[in-house]
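K.L.:
I am attaching a structure below and will ask some questions about it afterwards.
The values are calculated or read from the model by the stated rules, or taken from the named source; none is laboratory data. Remember, predicted model here, so these are calculated numbers, not experimental data. Reconstructed Cβ throughout: ideal geometry from the backbone, glycine too, with neighbour counts over all protein chains shown.
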Ligand code: BES
Ligand code: MN
Ligand code: ZN
């Protein structure tokens, strides 16, 4: 389905639902007044009666709407006009689209508000398009009767003077929404369907469709690369590991390359340091970093941003078997660092260690890694905020500012030298856990050993990447968090 852009009057748009945003104490002029007139004044009466409040994301369906070409009207609250911003508009649009997609209707027309205060038409159109793409996709695709229904048609209505901006915004928002759905789909599908090999196959297909080159390293290539740390985690599984590399060269040949590295543990049982059933229940999400690296890199390519970006995904399953890696094992990582295993559930850092060092040697100039790395980060920041860790403040600031622009919450934690002492081992260069306190930071300190001198930012997405319940404005399960931030970072590099 391709989203259309139209300059039709709102009451003339043909669709099952006409979606119109309404602010608190709305200004009943312009297109809104024309709509009200075609409805015989019922909108202004609803406002008057206090039934149409305009409160953010509050829905008011008007099922009988003679006078409109659309069969029904869905008014969605935009909140106070002077508080409208990208995040709030997104919440309203997602709520409206998800509500329409929960019914078996096929089409919607979505009117961009005429006065957007701080939002540009292009940004509003991009957000609307993203909602149209993301909203109808649920985590319930394997139900016999999913609660979400794909739209057959969608039109964004814009005033004539905003048509070009709206078209550009819709194109951009569609690409971003599709990238988020790619990431979501990989995370939401069960671990029996998404394992290193199948993830790699899906990644190759998606890369080919986006015109991006893709390489997959298998067991023997990983052995040749001496990825002893990653391979140790993988050895307890019947599913062989993979490292996927997607490469987009949109920038000048001599321009710096951004590496986006993702943790791809397709299922984390904890290994011999076995998790509880409760702790293991959502561990299909432990490849969210890899799925995000893939979605973002392909979106950056499809948007044609003038940058060079390489995505790296380290894919393993952390399982229990007679061949599992053990406590007390000493692993030699690709860069020669020896690691004493003290907990097989601290496996993500072992996977990333080798992939980060590979990225460094493969020409990365700046690095961002993403990982569902520690429960400690969720304890520190809660479920909705990404932890940010870095060896370079300028690079951290660039990522934090991109997150702010994208409307994604991220917060930096310290990386003082003394945290690294907690990783000391009596028998190897380091151990893979840091002890009871500061677990998100000691994990980041561990990763720092594998990035050389490169500017590097580590994003711990253990909390925000996976939501435990459905809400009006977003589906539970994968959230595709940080896809937009990464695209924003790449846009500022170009
Ligand atoms: N994948 C988990 C972290 C995680 C926890 C992700 C909750 C999403 C939600 C990671 O591999 C892990 O098990 N980390 C351990 C580290 C510990 C053994 C040092 C943890 O956080 O408990
Ligand atoms: Mn683990
Ligand atoms: Zn894990």
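So that you can scan it fast, the table gives a plain yes or no per residue for (1) under 22 Å from the mean Cα position of the chain (by Cα); (2) more than 21 Å from residue 450 (Cα to Cα):
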{"position": "208", "(1), (2)": "yes, yes"}
{"position": "224", "(1), (2)": "no, no"}
{"position": "235", "(1), (2)": "no, yes"}
{"position": "240", "(1), (2)": "no, yes"}
{"position": "257", "(1), (2)": "yes, no"}
{"position": "267", "(1), (2)": "yes, yes"}
{"position": "284", "(1), (2)": "yes, yes"}
{"position": "287", "(1), (2)": "yes, no"}
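K.L.:
Let me ask another. Just need a number here: residues in region 371-384 that are on the phi < 0 side of the Ramachandran plot and either surrounded by fewer than 20 Cβ atoms within 10 Å (Cβ to Cβ) or not assigned by TED's automatic domain parsing to the domain that holds residue 266 (or both).
P.N.:
Residues that pass the stated criteria total 6.
K.L.:
On the given criteria, is residue 278 assigned by TED's automatic domain parsing to the domain that holds residue 347, buried (at least 17 other Cβ atoms within 10 Å of the Cβ) and more than 10 Å from ligand 1 (Cβ to nearest atom)?
P.N.:
In short, no.
K.L.:
Oh, and also: Wholly within region 183-278, which strands (runs of 3 or more DSSP E) include no fewer than the required count, namely at least 3 residues that are under 26 Å from residue 138 (Cα atoms)?
P.N.:
Of the strands (runs of 3 or more DSSP E) lying wholly inside region 183-278, those with at least 3 residues that are under 26 Å from residue 138 (Cα atoms) span 257-268.
K.L.:
If you don't mind, there's one more thing I want to ask. Name every residue in region 314-344 that is more than 24 Å from the chain's Cα centre (by Cα) and within 13 Å of ligand 3 (Cβ to nearest atom), in order of residue number.
P.N.:
319, 343, 344
K.L.:
Something else: Out of 261, 244, 265, report the one residue that is more than 25 Å from residue 330 (Cα to Cα), in contact with a strand residue (DSSP E or B) (Cβ under 7 Å, 6 or more places away or on another chain) and buried (at least 22 other Cβ atoms within 10 Å of the Cβ).
P.N.:
Matching residue, one of 261, 244, 265: 244.
K.L.:
Further, regarding this structure: Filter region 3-23 down to residues that are surrounded by fewer than 18 Cβ atoms within 10 Å (Cβ to Cβ) and in contact with a helix residue (DSSP H, G or I) (Cβ under 8 Å, 6 or more places away or on another chain) and give me whichever is nearest to residue 177 (Cα to Cα).
P.N.:
Within region 3-23, the match that is nearest to residue 177 (Cα to Cα) is 7.
K.L.:
Continuing with this model, one more query. Looking at (1) out of contact with any strand residue (DSSP E or B) (no Cβ under 9 Å at 6 or more places or on another chain); (2) on the phi > 0 side of the Ramachandran plot, can you tell me which one residue 211 breaks?
P.N.:
(1)
K.L.:
Would you be able to tell me the number of residues in region 192-208 that are surrounded by 19 or more Cβ atoms within 10 Å (Cβ to Cβ) and touching a strand residue (DSSP E or B) at 6+ places or on another chain (Cβ under 8 Å)?
P.N.:
Residues that pass the stated criteria total 7.
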